[in-house]
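Everything on this sheet refers to the single structure shown next.
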Amino acid sequence: MNTPPSFSAFHCMDGAFKYLVANFADFARLATPPVIGLAIVEALLQLVLPAPGVDDAGGPGGLPVENGGGAGLANLAFFGFSIILYVMFAVAWHRKYLIPDEGMTVARALSWGPEKTRFLLYFVLSFLLVMLVGVPIMTVVIFVTAAFGGGLAAGAPMGLSGLSGMQMIPFVIGFLLVFAIFARLSLVFPAIAVGRRDFGFKAAWALTKGRAVGMLGVMILPGLLAMIASIPVMLIGMALDSAGALQTMTGTALLALVGQALSYLAIAFGVSALSAAYEALEGARPDNARPQ
């Protein structure tokens, strides 16, 4: 019988950090096209579209641009564009981590293939499954919260801001339960990236049995670090906005470029940590079919 592999979120994070540092030149090479593309589009949208709350009757069909017209369509298109580029980069970085001898090129990273289609499909399905399970869980949380303190405080707005300290506890527990489900299912993504057609949600769920806390750490910690790293960018953006520098294409593009670069650095870190988790948990299996 195979001995279960040693696995911890911190071990995966440490491995991801060391791998990213050692392969930073490859990261810059693969991330530059999506970062520049997203930064340019983001800057154009920020300059062309009206500020939130501003009505502009110049939208399609005479609709106000901000209220259901061009801005909504433009932002939706940008979101879709971002997801496609994310899938391309994530698959490429998973493969680079797990199949180091393959030699990932920019052209291959930007080309679409069956593994990217399957990755995107499972990406959408994972969120649908989490919502399917999460809605009942959060419904129970609402009732439990009401039992803790009779619901929201009188006159408090809907949302977490109207909850007391004790009432926040069920919401935090509910969020962690729902996110733990996604974390366990997420092990399917590195498997799909390396061409494992025999590895789906069922296999990911079985492989992460008893390791929900570790997988939760693998998914949450990179995001927390990314949030901390984004604080200086937010402060710089506020300062530039106050100085009027964001009214120019150059200032807006530079800030968007820095933001997107940090975003993709966080994505590479998270993908590396997930790949490390997959390698640690799947690597000890005698029947694993990872491509050589």
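The values are calculated or read from the model by the stated rules, or taken from the named source; none is laboratory data. The structure presented is a predicted model; accordingly, all values stated were derived computationally and were not measured. Quick reminder, even Gly has a Cβ in these numbers, built from the backbone with ideal geometry, and neighbours come from all protein chains shown.
One residue stands out in the stretch 231-284 among those that are outside any helix (DSSP H, G or I) and closer than 19 Å to R95 by Cα: the one that is modelled with the highest pLDDT, namely G283.
Here is a check on your reading of the model: is M215 of a type outside the set (F, W, Y) and farther than 25 Å from L132 by Cα? No: the conditions fail for M215. Among the candidates A183, A239, A256, A206, the residue that is in contact (Cβ under 8 Å) with a residue 12 or more places away in the chain and either surrounded by fewer than 19 Cβ atoms within 10 Å (Cβ to Cβ) or within 15 Å of the chain's Cα centre (by Cα) (or both) is uniquely A183. Out of I181, I142, I169, one residue alone is part of a helix (DSSP H, G or I), modelled with pLDDT of 90 or more and β-branched (V, I, T). It is I181.
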